[in-house]
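Notes follow the structure.
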Amino acid sequence: MRISRRRLLSGSAIIATGTRFAIILPVFGSRDATAISSNEAVDLLSWVEIKPDNSAVIRIPQTDIGQGINTTLAQIIAEEMDLDWARVSTKAYDPRVNAERQNPYIWTTTLGSSSAHYLYEPVRLAAATIKKKLISAAALQLKVAPEHLHADQGHVVHAKTGRRIPFSKVAASAAELQLSEQLPVEYKPVAQRRLIGSSVPALELKAMTAGEKRFGIDVDVPGMRFAAISQSPVYGAKLLKVEMEGIRKLSGNPSVVRVSGKTIGFNSPVPEGEDPDLWAAEVRCDDAIAVVADTWWQAKTVLEGLDITWSSSKHRALSSEKMFVEFAQRVNSVLPKSGGQGNFERAMSRADQKLSALYSYPYVEAAPLEPMNCTALVDDNGVQLWTNSQFPDDAWRIAFETTGVDPNDVTLHLMAAGGGFGRRLHNDIVYQAIQIASQHRGIPIKLLATREESMKHSYYSPLTVAKFDAAVGSDGTVDGWRCRVASSFAPDQSYGATRLPFVVPNTHFEYERHMSVPVPFGWVRGVGFAQHLWMNFSFLDEIRLAIGADAIGFFRAHLDPSRIPEDVDEYDLAVDRALRTRRVLDYCVEKGGWSNEKPPGVGRGICASDSDYYPGFGSSTKAAMVDIVLDKKRSLTVNRVFIAIDAGTVINPDIVKAQLEGGVAFALSTALYSEISVKNGSVEQSNFHDYPVLRMKKMPRVEVAMIPSDSTPLGVGEDAVPITIAALVNAIVDAGGPRIRRLPISREIRLEDS
Amino acid sequence: MVECEINGESKSVEADGATPLLWILRDELGLKGTKFGCGAGLCGACTVHVDGVAVRSCITPLISVSGKKVTTIEGIDNSGEHPLQRHWINSRVPQCGYCQSGMIMAAAALLGSVKSPSEAQVREEITNLCRCGTYNRIVEAVQAAAKDMSVE
């Protein structure tokens, strides 16, 4: 199958031009007038509730996974509405309400580091419209022209008389106002902003230091019982028999529940009429056994003692090491899907120099610190769910489809998550909890997976092998680039390989995904760029060293827009991309001190890129500079990571900085340690002893420089991950270490007491 | 029946003595600030103090704290203004916040034995895991709190 560039890029057509789930103006229905009297909170456009005491509750249509979304969205709304920040709190959205009101929340999946980018304009519009309504309502009440009123700190103010009316006094009548009279709205000028651009402390900060923040695992429902679960140890094995005898005598009044495995949906929204394969991966889970008991410890203890018989499986010999070998052979010949630009073969035929290399990337697990959990109650009233899913709309769908109850009778309580990193987009635990609760009608069931269960039955970034070939032209730049990719089961992730963040006139990409591999795919922080960017940059660095060029000069030469063929798709965006990347690279070189002297043993690497899966996706452009030390015993220490970023409008600089620091830590865990291996059809790792993550001792200094900008906010959450890995592998070579062509680095380099 | 003191109150807990303290705290006593991360003493999200020493409550059997004093994040300071908590706020340490109770308890135990630890000591001694990557801010907050506490 020949895939045209247009098809490879077809995502852009959908999200960029107004996807069905992205940017359309909020559907401001007539539902906002829910107040009966001013003794109740008044709901304005589904986004804000004004309470009788004039405090405001802002609805957050995203899952709090530590990215600070409650604070940043509240900042935007409070800014544009002129709320009193000290009187603002937040509340999670409800998927049922979102569906009933025809998606007023616009973008509800916590995915792709895209919340600020997708929601910024709609949320400002909603807030500015609400403010206009409040002012109009006050104008009617005061019998003055609205032009003579303005909003300030939760009040409508009549400047001439100094009268201040709390929003709560006009909210009910504002909610009744017809919208058509209200548009167009005006936004607050940038110079007058007090909240957007300000590092206000996260709203939950104090609660988080007092042990008071409540996560999914902390849900407490009266009468609740607990469940522990164990999925088939080998992929694809079916549950045959459980020995139940003697169970009743054990403490905790245990009962055993069979949970059937199946494909329960996708791991991200698929726009209507689109090819799911391009957008998402199927979420599959195997058969499982659960035990319900009075306490979780009892449930877990009984479960561990059960005598369970599983069937044999066709995957019983599945091995990731064999996959590496097999995929490495596959990439030596033509693969079924292809794309590219120009003429790679011609570039090869006229090349001054040719290079080739093989790179690979293992399965990686997100491993958020809060193990997977979900609480469910199925009774005569319907279903209640308490979950910290990153894809709550889908969790809600699973609840009514699995139980057959009316969607209107399913209520989802969205909880905070102890980290997400993509793992909680997969609603396997929701499906399992509902199955268990359905067999215990009337009793709330808290299903909690052990760390071992969470790690062995997760959703992994795909094992990937890539073969690179390059043709270097007589001018010392790369004229032709070919990359062949073979990967485990995955959605169409070719973008990570094809979206080179540097200019090569002639490219050819081929790829093949092994869809019969049963290891489930997951979006993991950094996604396709985490797998491919370091490979691309490392191979580019190999070419540079082969011809003896200077790093920055060589890289800049590949960001020269005049080298972009004029017939490429989205030519203007390609030119803009090269210029932006070069600007951020230069900023990083200057501010990060690229030219500063390096002590002996220190290696330095640099990388600049966006994470745009297609032109105009909306990620930030950023550069990382990494300093490492490789001592005489070849023991590696990462000393410093410097990040320069163009993230558009920065709503909360400290939260952006924290996300980048976190991205560096995630990158180093991934690059240094992370590998999930499969042997005899099972994941071998089970906990943090055999799947280590970065410790405090190994965390380098992180510095961040943001390029000032007034444009739409761009994605930040995952963005430090790919660039940091890429700069790190080149820094190792710079220090005299080996060229890393397979992660994790701990396979090749000693990492003292990790 | 196991008797112990939890956050200054005497408690009699009716449970199998082999049950890890973590589950007693969370599910019997409703002290949800202490978190479950690994169940194997590897991540430190469940760190509490037993007679002033930091322990990982997920691998500490209830019976082993019989007659002892247990302190959790809820009991570290009645006002919620322990110097560590104040500096955790000043340095804006938490991202998701899940590991932070354990981090603060580990840091408090460290400051109990080393009055003003060096940066290297903090990094060496606190082995709890944070998947969000808040480590550098933790170091900053611990050292700032140590300074305050030596003045007080």
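The values are calculated or read from the model by the stated rules, or taken from the named source; none is laboratory data. All values reported here derive from a predicted model rather than from experimental measurement. In this analysis, Cβ positions are derived from the backbone assuming ideal geometry, glycine residues included, and neighbour counts consider all displayed protein chains. Calculation scope for accessible area: heavy atoms of the full protein, side chains included, ligands and nucleic acids excluded. Shrake-Rupley method; radii C 1.70, N 1.55, O 1.52, S 1.80 Å.
Per-structure values
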| item | result |
| --- | --- |
| Selection within the stretch B:51-73 - out of contact with any Asp or Glu (no Cβ under 8 Å at 6 or more places or on another chain), in contact (Cβ under 8 Å) with a residue 40 or more places away in the chain, surrounded by 21 or more Cβ atoms within 10 Å (Cβ to Cβ) and of a type outside the set (S, T, N, Q) | B:Ala54, B:Val65, B:Ile73 |
| Test set (1) farther than 30 Å from A:Tyr614 by Cα; (2) buried (at least 20 other Cβ atoms within 10 Å of the Cβ); (3) within 14 Å of chain B (Cβ to nearest Cβ) - A:Ala288 fails condition number | (3) |
| Test result for A:Asp690, modelled with pLDDT under 95 and of a type outside the set (Phe, Trp, Tyr) | no |
| Residue among A:Ala471, A:Ala416, A:Ala433, A:Ala437 that alone is within 14 Å of chain B (Cβ to nearest Cβ), touching a residue at least 60 places away in the same chain (Cβ under 8 Å) and open to solvent by less than 40 Å² (accessible area, probe 1.4 Å) | A:Ala416 |
| Looking only at the stretch B:126-152, and only at residues there that are part of a helix (DSSP H, G or I) and at the interface with chain A (Cβ under 9 Å from one of its Cβ atoms), the one that is nearest to B:Val70 (Cα to Cα) | B:Ile138 |
| Only one of A:Thr301, A:Thr263, A:Thr309, A:Thr295 that is assigned by TED's automatic domain parsing to the domain that holds A:Phe421 and in contact with a helix residue (DSSP H, G or I) (Cβ under 6 Å, 6 or more places away or on another chain) | A:Thr295 |
| Looking only at the stretch B:98-125, and only at residues there that are open to solvent by 30 Å² or more (accessible area, probe 1.4 Å) and in a loop (DSSP other than H, G, I, E, B), the one that is nearest to the other protein chains (Cβ to nearest Cβ) | B:Ser118 |
| Qualifying position, being within 16 Å of B:Cys99 (Cβ to Cβ) and modelled with pLDDT of 95 or more, among B:Gly75, B:Gly37, B:Gly30, B:Gly17 | B:Gly37 |
| Residues located in the stretch A:596-618, provided they are in contact with a Leu (Cβ under 7 Å, 6 or more places away or on another chain), surrounded by fewer than 24 Cβ atoms within 10 Å (Cβ to Cβ) and in a strand (DSSP E or B) | A:Gly603 |
| Elements of type helices (runs of 4 or more DSSP H) contained in the stretch A:452-571, each with 1 or more residues being within 18 Å of A:Ala351 (Cβ to Cβ) | A:527-547, A:551-557 |
| Residue pairs meeting the criteria (Cβ under 6 Å; at least 6 apart or on separate chains; first assigned by TED's automatic domain parsing to the domain that holds A:Arg193, in the stretch A:149-162; second among the charged types (D, E, K, R)) | A:Ala151/A:Asp82; A:Ala151/A:Lys131; A:Asp152/A:Asp82; A:Gln153/A:Asp84; A:Gly154/A:Asp84; A:His155/A:Arg164; A:Val157/A:Arg164 |
| Flag if A:Thr90 is surrounded by fewer than 22 Cβ atoms within 10 Å (Cβ to Cβ) and within 26 Å of A:Gly618 (Cβ to Cβ) | yes |
| One residue from A:Met625, A:Met696 being free of Cβ contacts under 8 Å to residues at least 12 places away in the same chain, of a type in the set (A, V, I, L, M, F, W, C) and not assigned by TED's automatic domain parsing to the domain that holds A:Leu203 | A:Met696 |
| Residues located in the stretch A:58-110, provided they are within 16 Å of A:Gly717 (Cβ to Cβ) and in a strand (DSSP E or B) | A:Ile60 |
| Top-ranked residue in the stretch A:673-687 [being open to solvent by less than 10 Å² (accessible area, probe 1.4 Å) and not hydroxyl-bearing (Ser, Thr, Tyr); ranked as nearest to A:Ser114 (Cα to Cα)] | A:Ile676 |
| Some residue of the stretch A:639-646 being at pLDDT 95 or above, out of contact with any Pro (no Cβ under 9 Å at 6 or more places or on another chain) and outside any strand (DSSP E or B) | no |
| Which numbered condition B:Arg26 fails, given (1) within 17 Å of the chain's Cα centre (by Cα); (2) in contact (Cβ under 8 Å) with a residue 12 or more places away in the chain | (2) |
| Residues located in the stretch A:389-431, provided they are of a type outside the set (Val, Ile, Thr), farther than 29 Å from A:Val721 by Cβ and part of a helix (DSSP H, G or I) | A:Trp396, A:Arg397, A:Ala399, A:Phe400, A:Glu401, A:Pro407, A:Asn408, A:Asp409 |
| Test: residue in the stretch A:583-591 that is assigned by TED's automatic domain parsing to the domain that holds A:Arg739, surrounded by 15 or more Cβ atoms within 10 Å (Cβ to Cβ), on the phi > 0 side of the Ramachandran plot and under 31 Å from the mean Cα position of the chain (by Cα) | no |
| All positions within the stretch A:202-219 that are under 16 Å from A:Lys91 (Cβ atoms), of a type in the set (D, E, K, R) and part of a helix (DSSP H, G or I) | none |
| Number of positions in the stretch A:503-550 that are farther than 26 Å from A:Ser488 by Cβ, open to solvent by 10 Å² or more (accessible area, probe 1.4 Å) and either touching a residue at least 60 places away in the same chain (Cβ under 8 Å) or within 29 Å of the chain's Cα centre (by Cα) (or both) | 8 |
| Residues that are without any contact (Cβ under 8 Å) to a residue 60 or more places away in the chain, part of a helix (DSSP H, G or I) and among the aliphatic types (A, V, I, L, M), drawn from the stretch B:80-97 | B:Ile89 |
| Qualifying residue in the stretch A:653-676 (condition: within 14 Å of chain B (Cβ to nearest Cβ), touching a residue at least 40 places away in the same chain (Cβ under 8 Å), among the hydrophobic types (A, V, I, L, M, F, W, C) and part of a loop (DSSP other than H, G, I, E, B)) | no |
| Some residue of the stretch A:283-292 being of a type in the set (Asp, Glu) and in a helix (DSSP H, G or I) | no |
| Qualifying residue in the stretch A:211-232 (condition: in contact with a helix residue (DSSP H, G or I) (Cβ under 6 Å, 6 or more places away or on another chain), modelled with pLDDT under 95 and outside the structural domain of A:Gln67 (by TED's automatic domain parsing)) | no |
| Any hit, the stretch A:180-199, residues being in contact (Cβ under 8 Å) with a residue 60 or more places away in the chain, within 11 Å of chain B (Cβ to nearest Cβ), in contact with a helix residue (DSSP H, G or I) (Cβ under 9 Å, 6 or more places away or on another chain) and open to solvent by 20 Å² or more (accessible area, probe 1.4 Å) | yes |
